[in-house]
1. Within region 1-12, can you find the residues that are part of a loop (DSSP other than H, G, I, E, B) and either in contact with a Gly (Cβ under 9 Å, 6 or more places away or on another chain) or loosely packed, with under 10 Cβ neighbours inside 10 Å (or both)?
2. Which residues, taken from region 51-88, are farther than 15 Å from Pro239 by Cα and either within 16 Å of the ligand (Cβ to nearest atom) or not acidic (Asp, Glu) (or both)?
3. Between a first residue in region 60-88 that is closer than 17 Å to Tyr26 by Cβ and a second residue that is polar (S, T, N, Q) and assigned to a helix (DSSP H, G or I), which pairs have beta carbons less than 6 Å apart while being 6 or more apart in sequence or on different chains?
4. Working carefully through the options Pro284, Pro290, Pro276, find the one that is surrounded by 21 or more Cβ atoms within 10 Å (Cβ to Cβ) and not aliphatic (A, V, I, L, M).
5. Of the numbered conditions (1) at pLDDT below 95; (2) more than 16 Å from the ligand (Cβ to nearest atom); (3) buried (at least 22 other Cβ atoms within 10 Å of the Cβ), Ala232 fails exactly one; give the number of that condition.
6. Please enumerate the residues belonging to region 95-115 that are within 21 Å of the chain's Cα centre (by Cα) and without any contact (Cβ under 8 Å) to a residue 60 or more places away in the chain.
7. Looking at region 220-258, which of its residues are charged (D, E, K, R), outside any loop (DSSP other than H, G, I, E, B) and over 24 Å from Arg6 (Cα atoms)?
8. Could you please find all residues in region 201-219 being surrounded by 22 or more Cβ atoms within 10 Å (Cβ to Cβ) and assigned to a loop (DSSP other than H, G, I, E, B)?
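The values are calculated or read from the model by the stated rules, or taken from the named source; none is laboratory data. Predicted, not measured: the structure shown is a model, and the values here were computed from it. All Cβ positions, even for glycine, are placed from backbone atoms using ideal geometry, and neighbour counts span all protein chains on display.
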Amino acid sequence: MDRETRLVHAGRDPERQEGIVNLPLYRASTILYPTMAAYEGRFERRYTSYAYGIHGTPTTIALAEAVAELSGGARTLLTSSGLSAVTQALAAFLRRDDHLLIADTVYQPTRVFCSDVLARYGVEVTFYDPRVGRGIADLIRPSTRVVYLESPGSQTFEVQDVPAIAAAARARGAVVILDNTWATPLNFRAFEHGVDVEIQALTKFVAGHSDLLLGAVTTRTEELYRVVRDGASTFGDCPAPDVCYEALRGLRTLAVRLRHHEASALRVAEWLGRRPEVVRILHPALPGDPGHAIWKRDFRGSSSLFAVLLRTRSEKAVAAMVDGLGLFKIGASFGGFESLIVPARPERTVRPWSERGFLLRLHIGLETVEDLIADLEAGLGRLGATLRDQGEDVA
Ligand SMILES: Cc1ncc(COP(=O)(O)O)c(C=O)c1O
């Protein structure tokens, strides 16, 4: 069965729910046991059934099962946010004196967690160039426990050679963790490319409506699942069932929304790429992009999110463009129904960001493309007018 068909049916069984289409919302802290002996044996139950609210209710387990099925992984652990999926996965596998290799282009708060918190707990953290490919082998040490990837990279969209990096890492016994939020498992099948642990911020495309926070850690094996499950339970991290119920609704329409986001983003990106105010578009699905060949080889589609490098460094001119936009709103996150735009300020240590110009990150929502282009066209008009007032040239 195709994954898009599974998305519609996964994690529910109307025949066992009185014919009700959606699984009811189960909320719980306390879960009751029939006997004292059953209660004493509750620890194993947290992997297989309901033990205490923190380990899940039928609603959260339904979403976890549906996400695991979508990903093609063994099991999924749900966490309270996308960021907590990142931190729980890393904390579960790393110990003092372990070495972590992490892409230089990861989501900024992931970077902060590694260089502040993990380093404080005695983990040695090395950032690597996302384009390292099989050269990662030279960076792996006997103590390297985790190799962490995010592809494409946050804000600058470098595509990583996941199969090459994963093969080298696994050959040396390291756990391969990938943040797959941009592509989702519909567009990048992490486990078919050698990944051990896949992270998704379900906040984005799965939720799809900018109204909840949720994370998922999906593992290749049951054994890996138990490591992250134990870690998250120890930290006390879990999502509310209500949020999982909302995410299950989002999951049903993920495929159609994502296809719409993808098609519209490509049209807006191509239009922007022809504008004289633009140096280049950072979007791996565009043929001119440095990551295009690997993207074409490994991905099944693209996403709503890309960046545009403007041919100016004038904050004033860019603010005139962005502040006056009508449809594009200024706000963090992505994956929701409305379009967003934010300034991107990549922080890199391996290869500092040095391209001339002003970088903007766009999320293309579900509005009609012509309306979005008209909004951007007017914005570029304001940018040009401000530059001319300052005595600068647009192109
Ligand atoms: C790639 C990536 N991973 C993780 C996260 C964190 O997700 P959340 O906002 O749910 O904490 C984000 C948020 O923007 C993200 O872009």
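1. Met1, Asp2
2. Result: Ala51, Ala66, Ala68, Leu70, Ser71, Gly72, Gly73, Ala74, Arg75.
3. Leu78/Thr60
4. Unique residue meeting the criteria: Pro284.
5. (2)
6. Answer for region 95-115, where residues must be within 21 Å of the chain's Cα centre (by Cα) and without any contact (Cβ under 8 Å) to a residue 60 or more places away in the chain: Leu100, Ile102, Ala103, Pro109, Val112, Phe113, Cys114, Ser115.
7. Glu223, Arg226, Arg229, Asp230
8. Within region 201-219, Leu202, Thr203, Lys204, Phe205, Val206, Ala207, Gly208, Leu214 qualify.
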